[in-house]
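J.: Once you've had a glance at the structure underneath, I'll fire off some questions.
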Amino acid sequence: MTGAALAHGATALWDVALATGEREVTPIEQHIHSFLEVLPLPVGYLTGSAAVTAFIALPYGEELLRCARAQTAAARIARTRGRIR
């Protein structure tokens, strides 16, 4: 991710240097580019936080599934024992 951010920054600098020599770069365009430049940061944050959440929640979900299966099996055994007696 850091490498991509550095490559993006270098490309942005090259683009601005090329554009200012060819035409006028307006403040609106500068603001739009500034917004687009920082846009990967919240995306990276959201992706990272989702991965951490999944990493933390996965064991609890697995344990919940095991408990549900055990409860179903216990109920099935109890029903079977009730029929035999």
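The numbers here are math on the coordinates, done by the rules we state, and not lab data. Quick caveat, the model's predicted, so the values are computed rather than measured. When we count neighbours, we look across all protein chains shown, and the Cβ atoms used for this are built from the backbone with ideal geometry, even at glycine.
J.: What is the angle, in °, between the Cα long axis of helix 2-22 and the longest principal axis of the Cα atoms in the chain? Nearest 10 is fine, range 0 to 90.
T.: It works out to around 30 degrees.
J.: Run through every distinct alpha carbon pair of the chain and return the Kirkwood hydrodynamic radius in angstroms, one decimal place.
T.: Hydrodynamic radius (Kirkwood, Cα pairs) of the chain is 18.2 Å.
J.: What is the angle, in °, between the Cα long axis of helix 27-38 and the longest principal axis of the Cα atoms in the chain? Nearest 10 is fine, range 0 to 90.
T.: Relative to the chain, helix 27-38 is tipped by roughly 30 degrees.
J.: Based on Cβ point charges of +1 for Lys and Arg and -1 for Asp and Glu, what charge dipole magnitude is obtained for the chain about its Cα centre, in debye rounded to the nearest 20? List each step's numbers first, then the result.
T.: On the way: 8 positive and 7 negative charges, 362 e Å.
Computed charge dipole of the chain: roughly 1740 debye.
J.: At 222 nm, what helix-only mean residue ellipticity would the chain give, in deg cm²/dmol to the nearest 500, using -39500 (n - 2.57) for each DSSP H run of four or more? Intermediate results must be reported in sequence, preceding the final value.
T.: Values: 3 runs with 78 residues, N = 85.
My calculation for the chain gives -32500 deg cm²/dmol from helical runs alone.
J.: Now for a different question. Using each residue's phi in the range 60-71, evaluate 6.51 cos²θ - 1.76 cosθ + 1.60 at θ = phi - 60° and report the 3J(HN,Hα) Karplus result to the nearest Hz, with x for Gly and Pro.
T.: Computed from phi, the couplings for the range 60-71 are 5, x, 5, 5, 4, 5, 4, 5, 5, 5, 5, 5 Hz.
J.: What ranking do Glu37, Glu63 get, fewest neighbouring Cβ atoms within 10 angstrom at the top?
T.: Glu63, Glu37
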